[in-house]
1. With (1) under 18 Å from Asp40 (Cβ atoms); (2) of a type outside the set (Phe, Trp, Tyr); (3) touching a residue at least 60 places away in the same chain (Cβ under 8 Å); (4) outside any loop (DSSP other than H, G, I, E, B) as the list, and Lys102 as the residue in question, which single condition is left unmet?
2. Can you tell me which residue within the range 228-237, out of those that are among the hydroxyl-bearing types (Ser, Thr, Tyr) and crowded, with 16+ Cβ neighbours inside 10 Å, is nearest to Phe280 (Cα to Cα)?
3. From the list Pro81, Pro87, which one is touching a residue at least 24 places away in the same chain (Cβ under 8 Å), under 21 Å from Val34 (Cβ atoms) and either touching a strand residue (DSSP E or B) at 6+ places or on another chain (Cβ under 8 Å) or in a loop (DSSP other than H, G, I, E, B) (or both)?
4. For the range 327-341, give me each residue that is of a type outside the set (A, V, I, L, M) and surrounded by fewer than 17 Cβ atoms within 10 Å (Cβ to Cβ).
5. Do we find a residue being part of a strand (DSSP E or B) and without any contact (Cβ under 8 Å) to a residue 40 or more places away in the chain anywhere in the range 275-285?
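The values are calculated or read from the model by the stated rules, or taken from the named source; none is laboratory data. Remember, it's a predicted structure, so these values are computed and weren't measured experimentally. With ideal geometry, Cβ positions are generated from the backbone for all residues, glycine too; neighbour counts draw on all protein chains shown. Note: areas computed on protein heavy atoms with side chains; ligands, DNA, RNA excluded. Shrake-Rupley method; radii C 1.70, N 1.55, O 1.52, S 1.80 Å.
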Amino acid sequence: MLGSAPQLDCKAFWRENRLCEGKPFRTDKPRAPVAVAVDDHWLLQEMAVPSAVRYFSDPEYQAETNRLCNDRCEEAIGRRPFSEVPPSRGCLRIEEVMGSRKELTEGATPWLERGYDRIEEMRSGLDRIERWSDRDLRDVIFSTGGRIAKRGGIAGASKPLATPGSRGPGTMATSILGTMNAMYWLVDYPADMDRFFETMGDIIVRYHGIVEQESGVVYRGYYWLDDNCALYSPNLYERFCMPAMNRVMEAFAPDPEHYRFQHSDSAMAHLLPLLATFGFHAVNFGPTVSGATIRSFMPRAEIHGLVAPNTLRDKGLEEVVAEVKRDFAEVGGDGGLVVTTCGSISAGTSLESIRGFMWAVQEFCRYDAPAAAAQ
């Protein structure tokens, strides 16, 4: 718990933050920008939601809970971070298309369970998946009755651009196969796993192509959320995960200017030399990976971080300030830092702590005089 947070004019803070956003590697801005990454894990605990199952099953209840949480957030930190529109029934996720199944239990957000217990089951599953036509795949994606909201503009006008993304291949494999199966099979059945990751890359591309068509947008760029990449050695990651990633990048981010983002809030520093080859524009890595280390491998990637979520949740203002000042000193001077947590803000982090974090950035991550904050 942070303790009593300093005074902060939230309206002025976010007004200034808008002047800082979208200017990577520039210092003609008041300070480093801030991102406050609260998610449904945080919301469930903050609001003491009595039934997670109801929250994720009842769209109207979810929207109302989000509204009440937004009221609380707006008063404390000047933001309404959660959608207040009742969610429509969604389509299957890529992992579910490939065999994983979604579980919903009390006290937790939706969870993906493995779809295969034995290597023979995976082989049979791949036989089936590889036979799908695009029509078959579309039917599977929308098998729950979900639909994609159309985003097309005026008839005859250019389609709006959107940036797709997914969990990374390393993490997808642990959800579809189970973590222990995935790790053992990489070593015991490498040819089968070559096939698995090749099929995964193909399905990701085809999946997004179908969603792109349904939504009336044009996909440019790509983002990866690959927490479990830390489980892979460099050799395993290079052999199995990177070909699938390259396949997807070639489809949706073929040119250097197409936005590329990687999130992996885990101890994955051993993969930095490989990840550096993708030309990411921005990254968000785990708290054990220092900003200086990231910058040494990725000199032109905007670093999102690097405050440890547990520090923000459990420590005092002095410790939060120390991490904010450390990160700005290491990698903030070139303008290539967005101050945020390594991954989402942990459940149990108080709004008072988040407010104190915002104050720390306002005070200690500036490119101009502090008085600019009040303008």
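1. That leaves (3) as the condition not met.
2. Among residues in the range 228-237 that are among the hydroxyl-bearing types (Ser, Thr, Tyr) and crowded, with 16+ Cβ neighbours inside 10 Å, the one nearest to Phe280 (Cα to Cα) is Tyr237.
3. Pro81
4. Correct list: Gly333, Asp334.
5. Yes, the range 275-285 contains at least one residue that is part of a strand (DSSP E or B) and without any contact (Cβ under 8 Å) to a residue 40 or more places away in the chain.
For every residue, the table says whether it meets (1) part of a helix (DSSP H, G or I); (2) farther than 23 Å from Asn284 by Cα.
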{"residue": "Gln7", "(1), (2)": "no, yes"}
{"residue": "Leu19", "(1), (2)": "yes, no"}
{"residue": "Lys23", "(1), (2)": "no, no"}
{"residue": "Val36", "(1), (2)": "no, no"}
{"residue": "Leu44", "(1), (2)": "yes, yes"}
{"residue": "Ala48", "(1), (2)": "no, yes"}
{"residue": "Phe56", "(1), (2)": "yes, yes"}
{"residue": "Ala63", "(1), (2)": "yes, yes"}
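Every residue, every condition in (1) out of contact with any Asp or Glu (no Cβ under 9 Å at 6 or more places or on another chain); (2) surrounded by fewer than 23 Cβ atoms within 10 Å (Cβ to Cβ), yes or no:
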position	(1), (2)
Glu214	yes, yes
Asp226	yes, no
Arg239	no, yes
Ala244	no, no
Arg247	no, yes
Glu250	yes, yes
Glu257	yes, yes
Met268	no, no
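Here's the yes/no breakdown for (1) modelled with pLDDT under 95; (2) surrounded by fewer than 17 Cβ atoms within 10 Å (Cβ to Cβ):
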residue: Phe280; (1), (2): no, no
residue: Val307; (1), (2): no, no
residue: Gly316; (1), (2): yes, yes
residue: Glu319; (1), (2): no, yes
residue: Ala360; (1), (2): no, no
residue: Pro370; (1), (2): yes, yes
